[in-house]
Amino acid sequence: MRTVFVLLSCLLTQVLTAGIAGPSDGVGFAPVTLISEPTVTVPAGFDADQATQEMLAAKEYGDIERANELSLQINQFWKQNRVEEFDPSTTDLTGTVTRQRPESGDETGEPSSYAPFWGTDIRIDSRDNCYGGNIVSLSNGDLYSIFVYYSSPNYYRVTRRSTNGGTSWSTCNEVSFSIAIYHPRLSVADDTLIMYYYMRDGSGNYQAWVKTVLPGAALTDITYGSPSGGYITDYIKDFVVTNDGPNYNSKWIFATWTQGHTTGTDQTYVRFARSSDMDVSTWEIQDTITNSNGDGIYFYETGLEVGQLDNLVLVTSLHPSGWPQSFDEYIRGYTSSNGGSDWSSVIYITDMHNHMDENQPTIAGSHYNHTWFCIARVSDTTYTTQHLYNYYSTDNGATWIEDAWVTAYDNCFKPFVYIDYLSSDVFAVFRIDQASSEELRYKEGHISAPTSWSTSVVINDDLTNLSWDYGPRVCYDYARSNACVMWTDYHSSVYSVWFDRTAVTGVEEEPVIGDLGTETFAVSQIGRNFRITYSVASAGNVSIDVFDVTGRNVAKVFDGVREPGTYTLDFSPEFAQGSYFFTMSTPEGTKTRRAFLAQ
């Protein structure tokens, strides 16, 4: 079973005590100055590489003040010395088509019979017109979902909580707004919630907001701020916030978004901001990573994640100059090895000259090695066929390899990929539209084998109408070893939000009556699953449990009455690699088998 993180109540108490009071939640206040522009002096003979190593060491030992000082110097040095390269795909010019996409394979992985088992769909909120949002888990297994509820004329940002693995939900925070609120999301940092969203006022101005929040039956604000610096006339889209919690106890919080305006020549900017010490009332680093300049040329669908140490990968789609004759839509990447202090030049994750359009990228990185996954939609320029590809990197985003991920269907889109804090497994969800059904599907893989994924399985019970605009989201319940998925349904012109989870028990085959003179109990691993074969000689209660090496019961595989016979059960665990003990108790006694889960 995955290690359960201990709730860091002492840390949260300190953050609450030191927190900066933010404005009241809503839009009726005068924005304060939320962005600091520190004066940074770069020492003579400054060595950015050496400063990066010193910065990482300072973070490792908890000296956040020194780490931030070095990071700001690195950032200033980068701004002073970076070189802007001419790029015809982001300006109003044309290029030459040179390459064609190779033939693709089909969905690969373990047989679908060994895929996770999904339960009955659960509606998170009984009200109509709830949509968007995402779902996260704390280390104690509490689940939090956030979404928009619209009841004319107001918008509501709703956060709901489940303490029983998603079986039932209760509202822990609900705030109304008289103006539009977009794409509220939650992130988790050391069992602290990070809430983020953006808004548009009646004059068409945009503002991005981030809050750190103490979880519970009623949420308590800690700090509150805007990386965009108040309302701006440029539009804001694709607002994403993440943190370095898996590596450094969440001292840094990172944000990215696309920003643009349509006055004169259209321009878009991929923006990045960073706050330190869990204080989002101040954002000390703000940069434009890249920009486009030309009518009909724009960046969109920007995403950001944290990998090992302070390695960041930022991905973004580009609708380029001369599309589709000269350049195709494609996905770019930018990497940072020091928490966004400086960034690499552009990395071409996909090809701009292959007569295909790649977009809707979703990014996730391992916190224990250099592996990254970028799942993206791949389509022809008329969007007649839409497949999903897995672009993966094993060198922290420097180079990317293309892997056909799902090509068995012609209409795949809205992927989302996620790596849990323990960073062993990778989970992904996406949508498929077929002739008579609209499906959410789930796949899982492992960071040590970036091309080995399970065959996709259907999640949603209602296959009639799903939301076109809002894709599914997945997280991991550490306490129950379940993958949890949230999505938006659109049935009979009504939006609603739903939840489902993988089951912890497997599915048994029909019993085979044979020689019952000797009781059988065998455990073998098939792929990333276990096949358990057992027999009972006399009718009675049978229970099969799994224990880790500390003696803790980590799963109840089966508990029920069995008639005499031999049974086979497939069990799909969500455990970390290691040794486990399977114990079977029957009227005849108890048997134990040791098994090693290899990832």
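The values are calculated or read from the model by the stated rules, or taken from the named source; none is laboratory data. Please read all numbers here as calculations on a predicted model, not as lab measurements. With ideal geometry, Cβ positions are generated from the backbone for all residues, glycine too; neighbour counts draw on all protein chains shown. Surface areas here come from the heavy atoms of the whole protein model, side chains and all, with no ligands, DNA or RNA. Shrake-Rupley method; radii C 1.70, N 1.55, O 1.52, S 1.80 Å.
Here are a few things to note about the model shown:
- In segment 41-85, the residues that are open to solvent by 40 Å² or more (accessible area, probe 1.4 Å) and outside any helix (DSSP H, G or I): Thr41, Pro43, Ala44, Gly45, Asp47, Tyr61, Gly62, Asp63, Arg82, Val83, Glu84, Glu85
- Hits in segment 442-464 (condition: surrounded by fewer than 22 Cβ atoms within 10 Å (Cβ to Cβ), assigned to a strand (DSSP E or B) and hydrophobic (A, V, I, L, M, F, W, C)): Ala449, Val457, Val458
- Residue within segment 158-170 that is surrounded by fewer than 18 Cβ atoms within 10 Å (Cβ to Cβ) and within 21 Å of Leu304 (Cα to Cα) present: no
- Residues of segment 537-548 satisfying the condition of being in a loop (DSSP other than H, G, I, E, B) and under 19 Å from Phe571 (Cα atoms): Asp548
- Restricting segment 418-436 to residues that are aromatic (Phe, Trp, Tyr) and open to solvent by 20 Å² or more (accessible area, probe 1.4 Å), the residue that is farthest from Leu309 (Cα to Cα): Tyr418
- Which numbered condition Ala218 fails, given (1) open to solvent by less than 20 Å² (accessible area, probe 1.4 Å); (2) closer than 20 Å to Ile135 by Cα: (1)
- Every pair of residues 6+ apart whose Cβ atoms lie under 6 Å, when the first sits in segment 168-196 and is outside any strand (DSSP E or B) while the second is of a type in the set (Lys, Arg): Trp169/Arg160
- When segment 163-180 is filtered for residues that are at pLDDT 95 or above and within 22 Å of the chain's Cα centre (by Cα), only Trp169 remains.
- Sole exception among (1) in a loop (DSSP other than H, G, I, E, B); (2) open to solvent by 10 Å² or more (accessible area, probe 1.4 Å); (3) modelled with pLDDT under 90 for Asn247, by number: (1)
- Verdict on Ala404 being small (Gly, Ala, Ser), part of a strand (DSSP E or B), crowded, with 22+ Cβ neighbours inside 10 Å and touching a residue at least 24 places away in the same chain (Cβ under 8 Å): no
- Checked against (1) open to solvent by less than 20 Å² (accessible area, probe 1.4 Å); (2) within 26 Å of Ala479 (Cβ to Cβ), Glu439 passes all but a single condition, namely (2).
- Which numbered condition Gly551 fails, given (1) in contact with a strand residue (DSSP E or B) (Cβ under 6 Å, 6 or more places away or on another chain); (2) without any contact (Cβ under 8 Å) to a residue 12 or more places away in the chain: (1)
- Selection count where residues are open to solvent by less than 60 Å² (accessible area, probe 1.4 Å) and at pLDDT 65 or above, scope segment 498-524: 9
- Any hit, segment 341-354, residues being crowded, with 22+ Cβ neighbours inside 10 Å, more than 13 Å from Ala376 (Cα to Cα), of a type in the set (S, T, N, Q) and free of Cβ contacts under 8 Å to residues at least 60 places away in the same chain: no
- Answer residue from segment 142-156, given it is polar (S, T, N, Q) and outside any loop (DSSP other than H, G, I, E, B) and is nearest to Ala483 (Cα to Cα) among those: Ser145
- Matching residues in segment 471-497 - criterion: being within 23 Å of Asp425 (Cβ to Cβ), open to solvent by 40 Å² or more (accessible area, probe 1.4 Å) and in a strand (DSSP E or B): Arg473
- Under the condition of being open to solvent by 10 Å² or more (accessible area, probe 1.4 Å), without any contact (Cβ under 8 Å) to a residue 60 or more places away in the chain and more than 18 Å from Lys414 (Cα to Cα), the residues counted in segment 303-323 number 1.
- Residue check, Ser151 over 19 Å from the mean Cα position of the chain (by Cα) and open to solvent by 30 Å² or more (accessible area, probe 1.4 Å): yes
- Members of segment 322-347 that are closer than 15 Å to Val270 by Cβ and either part of a strand (DSSP E or B) or among the hydroxyl-bearing types (Ser, Thr, Tyr) (or both): Tyr330, Ile331, Arg332, Gly333, Tyr334, Thr335, Ser336, Ser344, Ser345, Ile347
- Residue ID - farthest from Pro184 (Cα to Cα), chosen from residues in segment 139-148 that are surrounded by 22 or more Cβ atoms within 10 Å (Cβ to Cβ) and in contact (Cβ under 8 Å) with a residue 60 or more places away in the chain: Leu143
- In the set Val554, Val561, only one residue is of a type in the set (Val, Ile, Thr), open to solvent by 10 Å² or more (accessible area, probe 1.4 Å) and within 28 Å of Ile447 (Cα to Cα); that residue is Val554.
- Look at (1) closer than 26 Å to Val429 by Cβ; (2) of a type outside the set (Val, Ile, Thr); (3) more than 18 Å from the chain's Cα centre (by Cα); (4) open to solvent by less than 10 Å² (accessible area, probe 1.4 Å) and you find that Ala364 fails only one, number (3).
- Ser379 vs. criteria in contact (Cβ under 8 Å) with a residue 60 or more places away in the chain, more than 29 Å from Ser448 (Cβ to Cβ) and among the small types (Gly, Ala, Ser): no
- Segment 272-304 - residue that is among the aromatic types (Phe, Trp, Tyr) and within 22 Å of Gln76 (Cα to Cα) and, of those, farthest from the chain's Cα centre (by Cα): Trp283
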